[in-house]
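The values are calculated or read from the model by the stated rules, or taken from the named source; none is laboratory data. The shown structure was predicted, so the numbers you read here are calculated from the model rather than taken from an experiment. Ideal geometry is used to build each Cβ from the backbone, glycine not excepted, and the neighbour counts take in all protein chains shown. Heads up: the accessible areas ignore ligands, DNA and RNA and are worked out on the full protein's heavy atoms, side chains in. Shrake-Rupley method; radii C 1.70, N 1.55, O 1.52, S 1.80 Å.
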Amino acid sequence: MEVVEMDENNGLCLVELNPPNPWDSDPRSPEELAFGEVQITYLTHACMDLKLGDKRMAFDPWLIGPAFARGWWLLHEPPSDWLERLCKADLIYISHMHSDHLSYPTLKQLSQRRPDIPIYVGDTERPVFWNLNHSGVQLTNINVVPFGIWQQVDKNLRFMILMDGVHPEMDTCIIVEYKEEWKAQFIKAERRKLLNYKAQLVKDLQPRIYCPFAGYFVEAHPSDKYIKETNTKNDPNQLNNLIKKNSNVVTWTPRPGATLDLGRMLKDPTDSKGIVEPPEGTKIYKDSWDFEPYLKTLNSSVRDSIFLHSSWIKEYFTWAGFKNYNLVVRMIETDEDFSPVPGGYDYLVDFLDLSFPKERPSREHPYEEIRSRVDVIRHVVKNGLLWDDLYIGFQTRLQRDPDIYHHLFWNHFQIKLPLTPPNWKLFLMRCG
């Protein structure tokens, strides 16, 4: 098996994984599962609570607050005991650094109860917890493990973290093996155009049970009504129905608090006790969100003294370190409706020589206009955050001429920014 990686000269190279299928190393004889021995409870989005014998694992806990600044909010109402469930976990796996998987608001509450809870992440190019110190969250037992190596939890339970096939520099997936009977690789759901591909993938892999998850969010803030109405999500029931037409794979569309008993489902998929739904009357979908504390944090950046000095622009983009690329970007600070905000900054950045011209240069060049809500862009700049908050969080509006996606530019600002934020204290001292 070969994967594509970036070499030291920013070129592409093929790297052969050794062994080709690392999960085949150290094979074990399967053992039958007892009823109730392995149970999977869905909490929200990509968060699962797994009971594996006398051990418990949790995946990607995003249970409160927004993701991507203020762009994504939870679709499902988490079970009321979600924090107790996390506190009981023997270990937590976090797949990658995106805030719908690595939720600092969630981890802050958890750390106040169990700061030493073991958390496992893959050894990605950009560390998953690169921003931990700046976040203020106190976690003391983060374990970065190499890819393709079994991590033994007890005599029956082990897991392996693997490089993601789409974003190997920052994303991962996991194989959990319990008594060899259950081996499940969790694959993220994709957009509507990939429904048939996903159904074919399930048909080819022939898992015993398939559960689509990690796509349950909503653009809940009133200012994002347009995005909410136009950004149609995949329907998990539609995907599962498509899978059923093409295979005999058992599918499960999870609801918060629902629990799948793997021993029962493997023995008899029609067993009525195989999936226990939440009690009747349980709230499934959220109908209100606590916007205020998170918007307050964002708004506090708008008034920061950094932005009293226009030289912050040069300071920030010099810190960002992206240059020698023929692209001119116009950055415009806007209000909620993406109209230029009075008194906001509107400026050009020429990334060929990292200059800040008053007008577009006369040479031939690609051009991109990025309108960003002022609270979010200033929060990102002030804290040295990745631009995922802007881009994936729907906090920008883009125009390109020509309409070409500049991968090197966006990849840099979404993955390759420095690990420590700009030294704004020193900047303000220099400004007098």
* To do: Enumerate the pairs (first residue in the stretch 23-34 and under 23 Å from Asp268 (Cβ atoms); second residue anywhere and among the small types (Gly, Ala, Ser) and not in a loop (DSSP other than H, G, I, E, B)) with beta-carbon separation below 7 Å, excluding pairs fewer than 6 apart on the same chain, so at least 6 apart or on different chains.
  => Leu33/Gly263; Ala34/Gly263
* Asked: Counting only residues that are in contact (Cβ under 8 Å) with a residue 60 or more places away in the chain and either closer than 25 Å to Asp290 by Cβ or surrounded by 15 or more Cβ atoms within 10 Å (Cβ to Cβ) (or both), how many does the stretch 108-137 have?
  -> 5
* To do: Identify the single condition in (1) of a type in the set (Ser, Thr, Tyr); (2) under 26 Å from the mean Cα position of the chain (by Cα); (3) over 23 Å from Lys228 (Cβ atoms) that Tyr391 does not satisfy, given that it satisfies every other one.
  => (3)
* Considering (1) at pLDDT 95 or above; (2) more than 18 Å from Glu219 (Cα to Cα), say which one Gly432 fails and leave the rest. => (1)
* Asked: So is Pro105 farther than 30 Å from Gly165 by Cα and crowded, with 17+ Cβ neighbours inside 10 Å or not?
  -> no
* Asked: Could you list, in sequence order, the residues of the stretch 329-358 that are of a type outside the set (Ser, Thr, Tyr), out of contact with any Leu (no Cβ under 6 Å at 6 or more places or on another chain) and touching a residue at least 40 places away in the same chain (Cβ under 8 Å)?
  -> Val329, Met331, Ile332, Glu333, Glu336, Asp337, Phe338, Phe356
* Are any of the residues in the stretch 312-321 over 30 Å from Pro342 (Cα atoms), out of contact with any Gly (no Cβ under 9 Å at 6 or more places or on another chain) and in contact (Cβ under 8 Å) with a residue 60 or more places away in the chain? -> no
* Flag if Val374 is touching a Gly at 6+ places or on another chain (Cβ under 9 Å) and closer than 24 Å to Lys425 by Cα -> yes
* To do: Output the residues belonging to the stretch 197-234 that are of a type outside the set (S, T, N, Q), modelled with pLDDT of 85 or more and open to solvent by 50 Å² or more (accessible area, probe 1.4 Å).
  => Pro222, Lys225, Tyr226, Lys228, Glu229
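Let's see how each residue does on (1) within 28 Å of the chain's Cα centre (by Cα); (2) within 30 Å of Ile404 (Cα to Cα); (3) hydrophobic (A, V, I, L, M, F, W, C):
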position: Leu298; (1), (2), (3): yes, no, yes
position: Glu315; (1), (2), (3): no, yes, no
position: Thr318; (1), (2), (3): yes, yes, no
position: Thr334; (1), (2), (3): yes, yes, no
* Asked: Going by the structure shown, is Arg360 closer than 30 Å to Pro66 by Cα and of a type in the set (Lys, Arg)?
  -> no
* Asked: Being surrounded by fewer than 19 Cβ atoms within 10 Å (Cβ to Cβ) and touching a Pro at 6+ places or on another chain (Cβ under 8 Å), is that true of even one residue in the stretch 367-381?
  -> no
* Structure fact -> Within the stretch 395-432, restricting to residues that are β-branched (Val, Ile, Thr) and either free of Cβ contacts under 8 Å to residues at least 12 places away in the same chain or surrounded by 13 or more Cβ atoms within 10 Å (Cβ to Cβ) (or both), the one that is farthest from Arg126 (Cα to Cα) is Thr396
* Mind listing whichever residues of the stretch 143-169 are touching a helix residue (DSSP H, G or I) at 6+ places or on another chain (Cβ under 9 Å) and not in a loop (DSSP other than H, G, I, E, B)? => Met160, Leu162
* To do: Only residues that are among the small types (Gly, Ala, Ser) and touching a residue at least 60 places away in the same chain (Cβ under 8 Å): list them for the stretch 231-265, please.
  => Gly257, Ala258, Gly263
* To do: Take Leu75 and decide whether it is within 21 Å of the chain's Cα centre (by Cα) and closer than 25 Å to Asp154 by Cα.
  => no
* **Qualifying residues in the stretch 48-70 (those that are under 13 Å from the mean Cα position of the chain (by Cα) and not hydrophobic (A, V, I, L, M, F, W, C)) - the one farthest from Ser288 (Cα to Cα)** => Asp60
* Asked: out of contact with any Phe, Trp or Tyr (no Cβ under 7 Å at 6 or more places or on another chain) and not in a helix (DSSP H, G or I), is that true of Leu390?
  -> no
